[in-house]
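The values are calculated or read from the model by the stated rules, or taken from the named source; none is laboratory data. Not measured: the values here are computed from a predicted model. Cβ placement follows ideal geometry from the backbone for every residue including glycine, while neighbour counts extend to all protein chains displayed.
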Amino acid sequence: MSTQPSALLAGDGVPVESLDAYLALGGGEAFERARAGDPDAIVEELRRAGLRGRGGAGFPTAIKWGGVRADPAPTKFVCANGAEGEPGTFKDRYLLRMNPYQVIEGLAIARHVIGAKRAYLCVKRLFASEVARVRSALDELAARSDMAEAMELVLGPDEYLFGEEKALLSVVEGGLPLPRLFPPHVHGLFGPPYGDPSGGQHNPTVVNNLETLAHVPQIVRRGADWFRGLGTSDTPGTMLFTVSGDVQRPLVIEQPLGLTLRELVDDVAGGPPPGRRVKAVFAGLASAVVTGNGLDTPLSFDTMRRAGSALGSGGFIVYDDTACMVQVAWLFSRFLHVESCGQCPPCKLGSQRITERLDRLLDGSGKRRDLDDIAATVPWVPNGQRCALATSESVVIGSILAAFPEDFEAHLRSSCELGHDRILPKMTDYVPGEGFTYDRTYWRKQPDWTYQDP
């Protein structure tokens with residue numbers, strides 16, 4: 001696939017190993033152009049380009065930047081969200097391994113355009129090789145350029161919620177990854193509690209995914225029309241896709257938006273093993289399952305939403321027809337229950353209730369009332385939620401119940417003959433041409449975020 005247009009990766013899978021190599025590719029030109037020009041013109045170029053956030057929500061980048069830029073607050077901040085924790089996704093770590101300089105340049109442009117006092121590049125401390133690459137790049141830039149001026153690397157915990165933008169702010173401030181009530185542009189970094197009677201400043205903050213920021217230098221340097229020449233009208237450009245699970249070539253790859261899910265799974269990732277068919281595809285754990293009938297959906301934010309699912313962050317977990325969807329539902333529900341912070345009782349207690357009943361179905365002790373209880377619990381899990389984790393539990397489990405009733409019925413009869421050997425696709429490493437390594441210790445993690453002794 002090396003002939004495909006690229007906006008993020010240089011060469012044929014070759015990492016950009018040094019600042020000199022990045023500069024030779026035109027790196028730094030966009031930052032200088034942005035710094036010398038009108039910040040509003042950069043926001044307009046991003047609007048014309050149609051850049052949408054690559055972290056999952058697909059929110060227009062120009063609106064996010066323009067809103068905070070126009071805010072009269074005297075102190076603003078910007079954060080790069082590299083706290084990748086969605087099962088089935090490895091694209092941000094791959095991007096940092098391949099080209100951290102472009103992420104940093106995009107963050108520097110954001111700081112200039114928004115008028116931010118400081119920028120924070122947030123990564124999990126367990127991402128050792130990625131942290132080393134970012135540190136090296138920041139050191140090189142500090143010695144030779146002011147691109148990384150007022151920029152700080154923040155290392156955070158392995159918890160899933162570190163990647164939630166409001167919880168990420170809490171980590172930057174030195175706290176736990178606990179989502180606050182209001183979004184970053186309303187209640188930003190280092191301000192008083194929202195609504196504080198002292199009338200303190202709210203310090204509006206922009207939080208962008210790493211891949212989103214990495215697109216910015218190319219758009220500034222090459223123009224909105226070039227970017228719109230890739231992808232689709234509603235989701236222009238390229239995306240880093242992660243494909244894992246029951247495919248012959250698990251991989252991370254950059255592709256223009258608009259190819260179908262079938263093309264991504266079958267043509268790019270080699271499809272399921274010989275003699276098997278695709279049964280289910282999940283865009284991470286935050287959206288409804290896509291069955292075989294939906295594989296011809298073009299990959300864009302709007303088309304995937306119209307199909308009843310989501311594009312998410314481009315990470316697709318594939319299961320073939322040997323997989324039991326009751327076990328898959330249990331894997332996903334247990335993960336979301338463990339990672340729930342507990343601030344919203346319906347989320348923590350509801351996901352626990354669902355997980356326990358799925359466990360009964362798997363061990364053969366489940367009854368019809370357990371299945372009914374799961375179906376009754378799914379709708380109220382998101383009540384009072386501070387973040388989207390509860391919605392993920394409700395949507396993904398509800399969609400599995402609706403799409404695969406026969407798998408659940410087989411467990412009620414104790415007659416399921418499908419495979420129950422899948423593991424949670426929580427990725428710890430990726431080697432191109434070989435595939436992914438998964439976290440084999442995660443089963444020991446408890447709902448209070450501690451680990452059982454092995």
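Using the structure shown, decide if Leu401 is crowded, with 17+ Cβ neighbours inside 10 Å, at pLDDT 95 or above and more than 21 Å from the chain's Cα centre (by Cα). Judged against the criteria, Leu401 is a match. Among the residues of segment 65-110, those identified as more than 30 Å from Gly433 (Cβ to Cβ), surrounded by fewer than 22 Cβ atoms within 10 Å (Cβ to Cβ) and touching a residue at least 40 places away in the same chain (Cβ under 8 Å) are Gly67, Arg69, Asp71, Ala73, Pro74, Thr75. Of the numbered criteria (1) in contact with a Cys (Cβ under 9 Å, 6 or more places away or on another chain); (2) crowded, with 21+ Cβ neighbours inside 10 Å, the one Ala214 fails is (1). One residue stands out in segment 56-71 among those that are of a type in the set (A, V, I, L, M, F, W, C) and within 20 Å of Glu86 (Cβ to Cβ): the one that is modelled with the lowest pLDDT, namely Ala57.
Evaluation of Gly284 against the conditions (1) on the phi > 0 side of the Ramachandran plot; (2) in contact with a Leu (Cβ under 9 Å, 6 or more places away or on another chain) shows that the sole unmet condition is (2).
Checked against the criteria, Arg422 does not count as assigned to a helix (DSSP H, G or I) and either modelled with pLDDT of 95 or more or not small (Gly, Ala, Ser) (or both).
The condition (being surrounded by 21 or more Cβ atoms within 10 Å (Cβ to Cβ) and of a type outside the set (Val, Ile, Thr)) is satisfied by just one residue among Ala10, Ala30, Ala24: Ala30. Screening Asp302 on (1) in contact with a Ser or Thr (Cβ under 9 Å, 6 or more places away or on another chain); (2) in a loop (DSSP other than H, G, I, E, B) shows it passes everything except condition (2).
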